[in-house]
Amino acid sequence: MATKDELFKKVISHAKEFGFVFPNSEIYDGLSATYDYAQNGVELKNNIKKYWWMSMVQLHENIVGLDAAIFMHPTTWKASGHVDAFNDPMIDNKDSKKRYRADVLIEDHIAKIEAKINKDITKAKKRFGDAFNEEEFRNTNPNVLRRTKEIESINQRMGDALNNDKLDDLQQLIIDLGIVCPVSGSKNWTEVKQFNLMFGTELGAVAGDASTVYLRPETAQGIFVNYLNVQKTGRMKLPFGIAQIGKAFRNEIIARQFIFRMREFEQMEMQFFIQPGTQMKWFEYWKETRIKWHKALGLGEENYRFHDHVKLAHYADAATDIEFNFPFGFKELEGIHSRTDFDLKQHEEYSGKKLRYFDPETKESYVPYVLETSIGVDRMFLAVLSASYKDDQLEDGSSRVVLAIPAPLAPIKAAILPLVRKDGLPEKAREILKALQFDHNCMYEEKDTIGKRYRRQDAIGTPYCITVDHQSLEDNTVTIRERDSMKQERVSIEELPKIITNKVNMKNLFI
Ligand code: GAP
């Protein structure tokens, strides 16, 4: 079995070889941490966005969409706190001249201790077999207990330093833990400094502070500044939500792990405006709703977990992450934040405009509280791709690579394949393509043996292959092959639109 590291390497090279993700401007040796979505990648990405939009906007009477500009008035970012507080603590190694996020160095150190715990557990599992009780082992084994305590103490010190902006303490923690630079191997560290993550640029021809605009680091602020416009023109009553999908930009100190952490990425965010005091009820509601959305994809329930924040962002009074078991371990996929009335109040103050809601029932006017759900499209893409990748060993001794992408998200829903390139089979296959292509993204392919074509479709995750053979000309039937089971069935051509629609319908994910 491949290790997680090997699996990740395979997923990355598969993504390139089969037209999902290309390194950006590759002919110039690429631009670090920037990627382009290729012919199959763009389809998968669009389907992920469609799945999110359907669940958030289409299926919620009280949530509407928005598409705000990437550039916003610079005061927006003063008001939101991003100019002053959207920082990462960075530290340089004096020997390698490499820059790191101080908290990430510490988290990597914790991950190494966790790996040791997991190794002990795996060993004990082997030794005790079926009788093994993991919880009991965790609670009693002296090595595991000591390491768990060590992790708790590191988290405590890191949380304290981050929450109170004690950068010296963060540096001391790195020194105390004996963390070395992964490149130079030395402990020759600079002090820890804050580094603002926003990209700034000049508007028009004039340089200078007054004309600096930022590439938005989150889509959320476009929603906040439009809150009253939407509420009034849509005659929305609390609680109601505004959803948006769009690009965001962050000058990440370390951008790594393929498309997991990029400098240009895409977010799907929803701000839910609520009555003050009801935020915990809605926090629970959105936690449950969002985890259900993820689990409905069937990528494995065990691959998700909640992780409550140690350090709350400057705008939140409660926050949790939905973490996914990526090939490099459990990491944040989505954030759910109770943002209080922080943003709207700040925009009131900085703009001098009232952003109140008049409650027709209580006849009171107040600034609503906000519950936010925020997920990165690219991270979701990586979650789907890595969980779907399978190296299958078949019964006949051969092997295949298959992407078991949930059918409604698959880039191509059906491939139509004439058995041979003659005898009227291509014409018949194209007729079928015409009948299906208005409803589904389909592909016609006639090159190579049928076996090779099946393998190529497996590798891009096509759930159904429709093969047209000589019998098709006689009785208007074809074979339909299912990707995961590889089972084939003979069906009438007339039935095809209904069969494919039933199988790949996004609705299936909601029932
Ligand atoms: N509006 C709140 C907000 O932006 P966040 O936790 O900073 O919160 C939300 O980001 C989501 O955006 C994350 O859960 C992640 O999926 C995605 N994301 C954040 N930074 C990213 C990056 N550099 N590359 C890819 N995705 C990123």
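Summary table below
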quantity: Matching residues, the stretch 291-308, being assigned to a loop (DSSP other than H, G, I, E, B) and either within 13 Å of the ligand (Cβ to nearest atom) or closer than 26 Å to N118 by Cα (or both); calculated: G298, L299, G300
quantity: Residue check, A459 crowded, with 17+ Cβ neighbours inside 10 Å, within 16 Å of the ligand (Cβ to nearest atom), hydrophobic (A, V, I, L, M, F, W, C) and within 30 Å of F265 (Cα to Cα); calculated: no
quantity: Flag if N164 is within 16 Å of the ligand (Cβ to nearest atom) and free of Cβ contacts under 8 Å to residues at least 60 places away in the same chain; calculated: no
quantity: Some residue of the stretch 27-47 being assigned by TED's automatic domain parsing to the domain that holds K237 and among the hydroxyl-bearing types (S, T, Y); calculated: no
quantity: Pairs, first within 9 Å of the ligand (Cβ to nearest atom) in the stretch 309-326, second of a type outside the set (S, T, N, Q) and assigned to a loop (DSSP other than H, G, I, E, B), C-beta under 6 Å, six or more apart; calculated: A319/H309; A319/L312
quantity: F258 in contact (Cβ under 8 Å) with a residue 40 or more places away in the chain, surrounded by fewer than 18 Cβ atoms within 10 Å (Cβ to Cβ) and either more than 18 Å from I375 (Cβ to Cβ) or in the same structural domain as F71 (by TED's automatic domain parsing) (or both); calculated: no
quantity: Qualifying residue in the stretch 409-429 (condition: surrounded by fewer than 17 Cβ atoms within 10 Å (Cβ to Cβ), aliphatic (A, V, I, L, M) and either closer than 23 Å to K498 by Cβ or in contact with a strand residue (DSSP E or B) (Cβ under 7 Å, 6 or more places away or on another chain) (or both)); calculated: no
quantity: Any hit, the stretch 234-253, residues being under 16 Å from the mean Cα position of the chain (by Cα), within 29 Å of P89 (Cβ to Cβ) and among the polar types (S, T, N, Q); calculated: no
quantity: Flag if D84 is closer than 28 Å to K311 by Cβ and without any contact (Cβ under 8 Å) to a residue 24 or more places away in the chain; calculated: yes
quantity: Contacts under 6 angstrom Cβ, first residue in the stretch 215-238 being under 16 Å from K345 (Cβ atoms), partner assigned to a helix (DSSP H, G or I) and within 14 Å of the ligand (Cβ to nearest atom), 6 or more apart; calculated: Q221/T76; Q221/S80; F224/D343
quantity: Test result for L228, part of a helix (DSSP H, G or I) and buried (at least 20 other Cβ atoms within 10 Å of the Cβ); calculated: no
quantity: Residues satisfying the stated conditions in the stretch 327-347, i.e. within 10 Å of the ligand (Cβ to nearest atom) and more than 30 Å from L7 (Cβ to Cβ); calculated: H337, R339, D343
quantity: Test: residue in the stretch 281-290 that is of a type in the set (S, T, Y) and either in a helix (DSSP H, G or I) or touching a Ser or Thr at 6+ places or on another chain (Cβ under 6 Å) (or both); calculated: yes
quantity: Filtered residue count, the stretch 236-254, keeping only those that are of a type in the set (D, E, K, R), farther than 30 Å from C181 by Cβ and part of a loop (DSSP other than H, G, I, E, B); calculated: 1
quantity: Matching entry among Y366, Y350, Y357 (being more than 14 Å from the ligand (Cβ to nearest atom) and either small (G, A, S) or buried (at least 18 other Cβ atoms within 10 Å of the Cβ) (or both)); calculated: Y357
quantity: Residue in the stretch 331-345 that is over 29 Å from the mean Cα position of the chain (by Cα) and either loosely packed, with under 14 Cβ neighbours inside 10 Å or closer than 23 Å to Q267 by Cα (or both) present; calculated: yes
quantity: Qualifying residue in the stretch 298-315 (condition: surrounded by 16 or more Cβ atoms within 10 Å (Cβ to Cβ), out of contact with any helix residue (DSSP H, G or I) (no Cβ under 9 Å at 6 or more places or on another chain) and at pLDDT 95 or above); calculated: no
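The values are calculated or read from the model by the stated rules, or taken from the named source; none is laboratory data. Everything numeric here is computed off the predicted structure, so don't read it as measured data. Backbone-built Cβ (ideal geometry, glycine too); neighbour counts: all protein chains shown.
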